[in-house]
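Read-outs throughout are calculated quantities, based only on the coordinates presented, and are distinct from any laboratory measurement. None of the values given here were measured: they were computed from a predicted structure. When we count neighbours, we look across all protein chains shown, and the Cβ atoms used for this are built from the backbone with ideal geometry, even at glycine.
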Amino acid sequence: MDNSNELTNTNKPHKKVLCIEDERFIGELYKRALDKGGYEVTLEIDGNKGLALAQSDEFDIILLDLMIPNLTGIEILRILRDPSKTPHLKAKIIITTNLEQREDVREDIEKQADGYVVKAELTPKELVGFLDNIA
Amino acid sequence: MAKSSDYLSRAKRQYLLRLLFALLVVNIILIATWYLVTTKVHAHILSNIKLEHALILIILAILSSLIGALLLTRSLLSPLRALWQQIVNLAPSGNTSPPNIDTLKVGRELVADLASQVMQLASATSDKLSSTQSPILSRDFIANNLPLPLFILDPQETIVFVNNKAGDYIGIKPEEMIGKNFYMVLDMSFPSDSTFEAWLKKAKESSATSSMSWERVRMNVLDNHPTLLFDLAAYYNKDNPEHYETMAVLFDHTKQYSQDDQAVSFVALSVHELRTPLTLLRGYIEALEDEINSTGNDELKDFMQKMSATGQQLTAFVNNILNVARVDNDQLSLKLQEENWGDIVNSAVSAISLRAKVRGINIETTIAEGLPSVGVDRLSIYEVINNLLDNAIKYSSNGKVIKVDAHMSKEGLVETTVQDFGLGINPSIMPNLFTKFYRDHRNRAQIGGTGLGLYLSKAIITAHGGNIWVRSELGKGSTFSFTVIPYSQLAAEMKNSDNKEITRGAHGWIKNHSLYRR
């Protein structure tokens, strides 16, 4: 990714990102890159707290790791996509994972989410580029 | 296995009993003659101990007959035992040392061939003799005593005969399989395009007798049953009586092959564990690069570039291993989507250009104008280009150029070449180049690598429906070429599916029959 993203993004209104990620270092790197890319980032490592934050509907983008404590990413995704549990959600949900999924499981997740990212396949800067295109 | 050793010991018992009886008769006659002769000559000495002497002589006769019979049986049965051993070796699991593959291949086809001839003979003779007269020659007797699953098909590929072993093996009663289409009953997957169906079709077209064997065939059976893994041998004879046209024999290797699969899974699992720390390292390198670039220290910038290039290389290596594991486990599935080929080539080249740059190598890319869009799986095809460029960089000396060229081929496919001006490839190793773990021995010391890149590239390209090949001259360099299919050609295939993309398995597992082909 080139540096032009940073320049253009700083001129836009800051988009709010909720990053539910229990790997602290990854969270730190994502936050740094997203901050630089003109996003406003909230980090959360716990599944339950992450869900509560997501349901507050304050965010434009939710980065959701699949392996997190207390509630799995898949459970959170299901609750966020269930109108009886989450009446309104403006945020786009991007799944971030390093897990090998069975094809059918992955397809099911991809259908419910707005994006699916394998963490090992993107550097933090490339993730910013990905979000710029999706949002 | 049990059956074969039973058969051998039964033969042994029969031989032993008959020989024992024959030798006993002969010995008693001999000893009695000798006794009568000696008693006549020395009647005065022996007359008193006549009874005891007779007993001793009888025991002597029995003992010598027994020893003689044993020895004779052994020597008579040794060729039979050797033959059995051969058959047992060809037969599935249980043998401890894995036999040589090359001799096995011949052996398997031979078994199918032999089985077919025996069946022919059996059906020919059973026409003339009633089965009660010659049970040993009846087809069912022979087939059911063969310790291998056996199927016989008629010209319509309908199952006309199945032996009991086959029923046991796949868990369906023989009588339930008879009269059904072979491909419907056996859901087989083959390791390459060379499938049973393809072979049989070819054999029928050329209407010539033919035999063939396949390794590592998979078959999904009942839901709660593990996948069967076996080698398959088949024999086709157009002129067989009673429409016994094709014969297929299965050699079970489920245990052995699934252990191989587990080894692959273990590697994949451990490599997978490398991904998280590696992702982190690359993330921090990227963050650090920003900081250092703003300081303007050229040496630090250079170090950072090299670190970043090394990180990329390591990531590519880890991805290669994971993907090879997927190919080998039939888990690599591609989603073919419409893509602009020039964009893909350019971004793959730019991703690796840093690695080339630190070696002082320049990559020149030429994309022909007006290339049609292609149907590819973006991530997988990236890895192919990445692997080819990685090789070109490895085998080029510093300061050289690598040329990448994308254009239309004569066959109407989109062809891409990656040309280096490096060491070139020794002609003797060319045939093995796309084999797993194969590397040029000359260069092993100087040039790192796993020998997985080309194997994986071939698997990915084949799954895309394309082709990959190489031209090389020692000392002048190598040119790797591959083709991908224009999207328009895939469009027809797309129409038939409600999806906007086509999912394909790795080259590894192409379903046997077009009914099942993904």
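Summarising the label geometry, the points placed 7 Å from Cα in the beta-carbon direction at A:GLU75 and B:LEU66 lie 7.6 nm from one another. Between B:LEU30 and B:GLN14, residue separation times 0.36 nm minus the direct Cα-Cα distance comes to 3.3 nm. Taking the empirical scaling 2.2 N^0.38 Å for compact globular proteins as reference, segment B:299-429 has a Cα radius of gyration ratio of 1.13.
Over 20 Å between Cα atoms, which of B:LYS201/B:LYS335; B:LYS202/B:LYS410; B:LYS400/B:LYS476; A:LYS92/B:LYS335; A:LYS16/A:LYS90; B:LYS357/B:LYS403 qualify? Spell out each step's value before the answer.
Numbers: B:LYS201/B:LYS335 29 Å; B:LYS202/B:LYS410 27 Å; B:LYS400/B:LYS476 12 Å; A:LYS92/B:LYS335 23 Å; A:LYS16/A:LYS90 11 Å; B:LYS357/B:LYS403 14 Å.
Over 20 Å Cα-Cα: B:LYS201/B:LYS335; B:LYS202/B:LYS410; A:LYS92/B:LYS335.
For B:ASN297 and A:ASP108, a Förster radius of 56 Å and the Cβ-Cβ distance give a FRET efficiency of 0.70, rounded to the nearest 0.05. Measuring r between the beta carbons of B:LEU281 and B:ASN181 and using R0 = 60 Å, the FRET efficiency lands at 0.65.
Rg then Dmax, both in Å and based on the Cα atoms of segment A:14-134: 13.1, 37.
The relative contact order of chain A, computed from alpha carbon pairs under 8 Å that lie at least 6 residues apart in sequence, is 24 percent. Per-residue Cβ neighbour counts within 10 Å put B:LEU274, B:LEU148 in the sequence B:LEU274, B:LEU148, beginning with the fewest.
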